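Notes for the one structure printed next.
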């Protein structure tokens, strides 16, 4: 089979793409807000059928009238689907992990679409270090370095993957040797919606849109990054409220201060401990622009390489392509 489905199933989102395995071209795609948390809340007594039914429906809708022709097609699934709150919990592969995907654990099984059509599911395990874990980012890492890309970083460098739970991944000699997780995105969501500071970063009718390209927002973000380099996070957070109460900064602008403070707090450790190590920033927009500015303010831009957001959007697909090729070559996935 020269085509497969690439499924990136995260905590808060679902993305399914039909891929030409030879060229890597994305032939069709679907997106949905039904991430693992959303579906997990619907499970009664841990009924995994909720996940199977959802994926089946997404596959049927993408295939349309040609569902029968997809019989036996592989679906590579990574992300939180293999977690304790997901479809099937799998043990983690262990770091160090080769960037060619050797060592990744995959559970393969059939998924019935109807009486005559079935798909081959390849569920990816995720990776653990001594005191940290990831599910989904390992697939992006494999895709980022597929086909010899970014060879210098692969030999000795750090990959920064911003997100809900940002990852700083250490690479040596084309191996993922360790990583650390920062709950930057989730902290922003919780603080801006459920803490005392929500009134300082939200408008009366909810959160209106603003962008980092606006001068006032850009300066607020920069001020947050600078504050992170000077104060402990617990102290810096209260400055979010001080700015609205004493300095009359509008909440719509001030939310960028909170963003800069949290992003800066994530990166100051990198600035202190790995300031001379080459860093690869792997993010889509708008996080790409925000992190680039934070790296600049913290004096880390000299050793920074930035993956274009368009290239980063294909990282999971490329990672799944690496795994699919390995499964096809061996005939069987690695055993759990």
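Read-outs throughout are calculated quantities, based only on the coordinates presented, and are distinct from any laboratory measurement. No experiment lies behind these values; they were computed from the predicted model shown. Here the Cβ is made from the backbone with ideal geometry for all residues, glycine too, and neighbour counts use every protein chain on show.
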Reciprocal of mean inverse Cα separation for segment 182-306 (Kirkwood radius, Å): 14.6
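Where does each of 277-286, 251-260 land if you order them by average Cβ count within 10 Å, highest first?
Put in order of decreasing packing, that is 251-260, 277-286.
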In what sequence, highest mean first, do 232-241, 90-99 appear when ranked by Cβ atoms within 10 angstrom? 90-99, 232-241
Got the relative contact order for segment 97-191 handy, in percent, Cα pairs under 8 Å and 6 or more residues apart? 21
Answer with a single label: of (1) 20.5; (2) 22.6; (3) 21.1, which was calculated as Kirkwood radius over Cα pairs in Å from the structure in view? (3)
Compute the angle between helix 315-330 and the longest alpha-carbon principal axis of the chain, please, reported from 0 to 90 degrees and rounded to the nearest 10. 30
Give the angle, between 0 and 90 degrees and rounded to the nearest 10, that separates the Cα long axis of helix 233-245 from the longest principal axis of the Cα atoms of the chain. 60
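Over segment 182-306, what is the mean sequence separation of C-alpha contacts under 8 Å (at least six apart), divided by residue count, expressed as relative contact order in percent?
The value is 29 percent.
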To the nearest 0.05, what FRET efficiency results for residue 247 and residue 85 with a Förster distance of 45 Å applied to their C-beta separation? 0.60
By DSSP, what percent of the beta bridges with both residues in the chain are antiparallel, rounded to the nearest 5? 70
Among 173, 122, 276, what is the fewest-to-most ranking by other Cβ atoms within 10 Å? 276, 173, 122
Expressed as a percent, the portion of alpha-carbon pairs in segment 6-66 spaced more than 16 Å apart is 49
What number, rounded to the nearest 500 deg cm²/dmol, is the helix-based mean residue ellipticity at 222 nm of the chain, given -39500 (n - 2.57) per DSSP H run of at least four residues and division by all its residues? -12000 deg cm²/dmol
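With a Förster radius of 22 Å, plug the Cβ-Cβ distance of residue 219 and residue 276 into 1/(1 + (r/R0)^6) and report the FRET value to the nearest 0.05. All intermediate terms of the calculation are to be shown ahead of the outcome.
Details: r = 29 Å, r/R0 = 1.32.
With R0 = 22 Å, the Cβ-Cβ based efficiency is 0.15.
Run the numbers on the chain and let me know its relative contact order in percent, using alpha-carbon pairs under 8 Å that are six or more apart.
Over the chain, the number comes to 16 percent.
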For 268, 242, what's the fewest-to-most ordering of other Cβ within 10 Å of each Cβ? 242, 268
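Starting with the highest mean, order 2-9, 190-197, 56-63 by the number of other Cβ atoms within 10 Å, averaged over the residues of each peptide.
Sorting 2-9, 190-197, 56-63 by mean packing, highest first, produces 2-9, 56-63, 190-197.
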Cα-based Debye curve of segment 147-196 sampled at q = 0.16, 0.24, 0.31 Å⁻¹ gives log₁₀ I(q)/I(0) of -0.54, -0.82, -1.04
In nm, to one decimal, how far is the residue 47 label point from the residue 180 one, both placed 7 Å along Cα→Cβ? 4.4
Tilt of helix 251-273 relative to the longest C-alpha principal axis of the chain, in degrees (0 to 90, nearest 10)? 80
How far apart, in nm, are two points set 7 Å out from the Cα along the Cα-to-Cβ line at residue 328 and at residue 94? 3.2
